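The values are calculated or read from the model by the stated rules, or taken from the named source; none is laboratory data. In this text the structure is predicted, and so the values were computed from the model without any measurement. Each accessible area value is taken on the protein alone, full model and side chains, heavy atoms only, with ligands, DNA and RNA left out. Shrake-Rupley method; radii C 1.70, N 1.55, O 1.52, S 1.80 Å.
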Amino acid sequence: MQFGRYYEEFEVGAVYRHWPGKTVTEYDDHLFCLLTMNHHPLHLDAHYAESASQFKRNVVVGNYIYSLLLGMSVPDVSGKAIANLEIESLRHVAPTFHGDTIYGETTVLDKRESASKPDRGVVAVETRGYNQDGTMVCVFRRKVMVPKQEYAAAAVPDGVDPERPSFPEPR
């Protein structure tokens, strides 16, 4: 199974649909809020959300949805990345609620060879997240530095693939 791509494997316009989706639970949302110290009652307090918000229920914290989509994209986009260079934009375009299932897809927008190092290139992508109804909930653009295949192959010592390390023989 492929995990990430080399620079040459990216084609401008290609769309990668990330699988599987993830159903967001109340537990997921509350744990993420607590881990990141986001204690806004819109995310944690059902009574507050019902009585004081336009949605009448808890809204999943947006950074969890962004993080979820970023993670979903790793096997298709940044699994071989040398570095994530920037998040160019991030928009939360619709709310996500407990019980929604999130699906993601990424489009390759641009790619360019590195100006300073011949063994790598920079790929610009846009990732979009949708709920189970097909409503877009989040969209972001980022740039990823990835190795070129020929240089990665030359760096493999004694035919050992660093992405698939061997394990010691059992005793």
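Overview of results
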| quantity | calculated |
| --- | --- |
| Entries of LYS22/LYS143; LYS56/LYS80; LYS22/LYS111 with Cα pairs more than 31 Å apart | LYS56/LYS80 |
| The chain - percent of accessible surface contributed by carbon and sulfur, probe 1.4 Å | 53 percent |
| Karplus-derived HN-Hα couplings along the range 118-130 (A = 6.51, B = -1.76, C = 1.60, θ = phi - 60°), whole Hz, x at Gly and Pro | x, 8, 7, x, 10, 10, 9, 9, 10, 10, 10, x, 10 |
| Taking the chain and dividing mean pair separation by its residue count, relative contact order in percent (alpha carbons under 8 Å, at least six apart) | 28 percent |
| 5 angstrom amide H check on THR25, placed H, neighbours 5+ away | GLY99 |
| Within the chain, helix-based [θ] at 222 nm, where runs of 4 or more DSSP H residues each add -39,500 (n - 2.57), nearest 500 | -6000 deg cm²/dmol |
| For the chain, accessible area per residue (1.4 Å probe, heavy atoms of protein chains only), Å² | 59 Å² |
